[in-house]
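Colleague: I'd like to ask some things about the structure below.
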Amino acid sequence: MDFDAVFQSQLDTLKAEGNYRIFAEMERSAGCYPRAVNHGPGGARDVTVWCSNDYLGMGQHPDVVNAMIDATRANGTGAGGTRNISGTNRHHIALEHELADLHGKDAALLFTSGYVSNWAALGTLGARLPNAVILSDALNHASMIEGIRHSRAPKAIWKHNDPEDLNRKLAALPPETTKIVAFESVYSMDGDIAPIAEICDVAEAHGAMTYIDEVHAVGMYGPRGGGVAEELGVMDRITLIEGTLGKAFGCFGGYITGSAALCDFIRSFASGFIFTTALPPSVAAAAQTSIAHLKVSGDERRRQREQVAKLRARLDFYGIPHLDNPSHIIPVMIGDAVKTRLICDILMRDFGIYVQPINYPTVPRGTERLRLTPGPFHTDSDIEHLCRALNSLWQQCALARQVA
Ligand SMILES: *Cc1c(COP(=O)(O)O)cnc(C)c1O
């Protein structure tokens, strides 16, 4: 069999649909973010990044950078083992304490990514709790879906952000089932936010455990950056809070927080925790510095919110359609994979603006979009440059306008 021909024909289908993914080769410049260098076909050029999940620029914060350098000098590069076999460093333990404190929980457990934390935690809960049924929001992230699938527990999918539908689905389950309600706070692609308190009301009424992914909210919401649940004062009503160190905290890795027994349970049974090398101590040290900083500093969040509001207002001024939502994520809807790709290519080539096309399977076909994430370091003139560029593209590509 000509395996390569099989691979190529499937790749050709992706290309014909406009869904083939082309990575932009970037070189981030610490200290100048959101400025970066793009290494493209025409050589290297300076661009402004508009699609990063380093939402607050913490990946270049001098204290965070220095923490990583100092810990590397002190501890070397890698952890040297799994957590069980020689890989547990003092920095892991300190970071777990920092995280438990951030979310007001007894304990926390680190993973090598947010993806792995969802996959491992949901996989283990669904597989090990007696008669477990997982009630999953319809728009949950791929990592949660894979964890649920891996657990082999039966699942019920409830309508996105709809506590009434969740209530119906919970009521339909036999009383002897262990019910796990899994959802997110800020949804990454639409930027909408779950009605967390209402979901907790419903879950509590049915004796269900609550599992929330706050990946896009940690560092960003709440007085100490504990997420939307902190902002709403409902952290104590959530059984398990999951997050990442790779987005607003500007580092790398994932985690869960919850009761001491819950974290010990996952630590003891989750294959995705046990059989993998621990995070480098330097990454743990940097993440802890970033979290500690954002617990006491609201400046980054405040400035970021100002720039989000300014960008929305300027998009409205130019009639560029964007989804209205209460978060920091601004989806600009195009609805066509080929056009989205084209627009992104022109933005990079002619305007020095880097926005990655968001296409299937990240979002449903026909809802292809740009996903803009303004940060505290985007200037007003960056915003104006972006909006003028989009305006001229909307003219060139005959795209629909939003009528105010
Ligand atoms: C990015 C993301 C993850 C995975 O986190 P990583 O640390 O990047 O692996 C999990 N959940 C959601 C909703 C995400 O967007």
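Colleague: If you take the residues of segment 146-159 that are surrounded by 18 or more Cβ atoms within 10 Å (Cβ to Cβ) and within 14 Å of the ligand (Cβ to nearest atom), which of them is farthest from PHE269 (Cα to Cα)?
Modeller: ILE148
Colleague: Of everything in segment 75-117, what is more than 16 Å from the ligand (Cβ to nearest atom), among the hydroxyl-bearing types (Ser, Thr, Tyr) and surrounded by 14 or more Cβ atoms within 10 Å (Cβ to Cβ)? Give them in sequence order.
Modeller: Result: THR82, THR88.
Colleague: Okay, next question. Between residues in segment 327-339 that are in a helix (DSSP H, G or I) and at pLDDT below 95 and residues that are open to solvent by 10 Å² or more (accessible area, probe 1.4 Å) and hydrophobic (A, V, I, L, M, F, W, C), which pairs lie under 8 Å by C-beta distance while being six or more apart or on different chains?
Modeller: Short answer, once both residue conditions are applied: LYS339/CYS397; LYS339/LEU399.
Colleague: Could you list, in sequence order, the residues of segment 200-216 that are without any contact (Cβ under 8 Å) to a residue 60 or more places away in the chain, within 16 Å of the ligand (Cβ to nearest atom) and among the hydrophobic types (A, V, I, L, M, F, W, C)?
Modeller: If the condition is that a residue be without any contact (Cβ under 8 Å) to a residue 60 or more places away in the chain, within 16 Å of the ligand (Cβ to nearest atom) and among the hydrophobic types (A, V, I, L, M, F, W, C), then ILE212 is the only one that fits.
Colleague: A follow-up question, please. Could you tell me whether segment 233-243 includes any residue that is part of a strand (DSSP E or B), open to solvent by 10 Å² or more (accessible area, probe 1.4 Å), in contact (Cβ under 8 Å) with a residue 12 or more places away in the chain and more than 12 Å from the ligand (Cβ to nearest atom)?
Modeller: No, segment 233-243 contains no residue that is part of a strand (DSSP E or B), open to solvent by 10 Å² or more (accessible area, probe 1.4 Å), in contact (Cβ under 8 Å) with a residue 12 or more places away in the chain and more than 12 Å from the ligand (Cβ to nearest atom).
Colleague: Continuing with the same structure: Whether any residue in segment 248-263 is open to solvent by 10 Å² or more (accessible area, probe 1.4 Å), out of contact with any His (no Cβ under 9 Å at 6 or more places or on another chain), in contact (Cβ under 8 Å) with a residue 60 or more places away in the chain and within 13 Å of the ligand (Cβ to nearest atom) is what I want to check.
Modeller: Yes.
Colleague: Let me ask another. Restricting attention to segment 160-192, report how many residues are open to solvent by 10 Å² or more (accessible area, probe 1.4 Å), over 20 Å from the mean Cα position of the chain (by Cα) and closer than 16 Å to ILE212 by Cα.
Modeller: Looking only at that region, the number is 3.
The values are calculated or read from the model by the stated rules, or taken from the named source; none is laboratory data. The shown structure was predicted, so the numbers you read here are calculated from the model rather than taken from an experiment. As a convention, Cβ positions derive from the backbone with ideal geometry for all residues, glycine included, and neighbour counts pool all protein chains shown. These accessible areas exclude ligands, DNA and RNA; they are computed on the full protein's heavy atoms, side chains included. Shrake-Rupley method; radii C 1.70, N 1.55, O 1.52, S 1.80 Å.
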